[in-house]
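Data first, discussion second: the structure below is written as structure tokens.
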Amino acid sequence: MTTANTNAKKSCEAGCTKSSRHDATSRCAKCKQVYYCDRQCQQNDWSKHKQICETLQKQFSLKQEELRTQKDKLESDNATIGGFISQIREEIN
């Protein structure tokens, strides 16, 4: 279980009554998609969650790779634009 770094309010996936009193701040360490209020709730939900955990983990990994690819392209585009700007500045001077 990992602690989520988000400001969005999450509710416990185990459907416990504790989540109405406080936010679910931890999530499954494997798929990183399902939130729990504590370790006991995660353990209680595991028999249901394990059926979809691997699929969620694959989806998360694919999304992360897609975001890395987009970031790399943006950085490359920014470098190209920076080169054009420098070239234009040299031509103006």
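For region 79-93, a tally of residues being assigned to a helix (DSSP H, G or I) and open to solvent by 100 Å² or more (accessible area, probe 1.4 Å) returns 5. Tallying residues that are under 15 Å from the mean Cα position of the chain (by Cα) and either farther than 15 Å from residue 16 by Cα or aliphatic (A, V, I, L, M) (or both) within region 35-54 yields 1.
Anything in region 20-55 that is part of a loop (DSSP other than H, G, I, E, B) and of a type in the set (A, V, I, L, M)? List them, or say none.
Of all residues in region 20-55, those part of a loop (DSSP other than H, G, I, E, B) come to 21-25, 28-34, 37-38.
If the condition is that a residue be part of a loop (DSSP other than H, G, I, E, B) and of a type in the set (A, V, I, L, M), then 24, 29, 34 are the ones that fit.
Within this structure, residue 53 passes the test of being in contact with a Cys (Cβ under 7 Å, 6 or more places away or on another chain) and modelled with pLDDT of 90 or more.
For residue 25, indicate whether it is of a type in the set (Val, Ile, Thr), modelled with pLDDT under 90 and surrounded by 10 or more Cβ atoms within 10 Å (Cβ to Cβ).
So residue 25 fits the description; yes.
When residue 45 is tested against (1) surrounded by 12 or more Cβ atoms within 10 Å (Cβ to Cβ); (2) at pLDDT below 90, only condition (2) is not met.
The values are calculated or read from the model by the stated rules, or taken from the named source; none is laboratory data. The structure displayed is predicted, hence computed values, not measured ones. Every residue, glycine among them, receives a Cβ derived from its backbone with ideal geometry; neighbour counts consider all protein chains shown. Heads up: the accessible areas ignore ligands, DNA and RNA and are worked out on the full protein's heavy atoms, side chains in. Shrake-Rupley method; radii C 1.70, N 1.55, O 1.52, S 1.80 Å.
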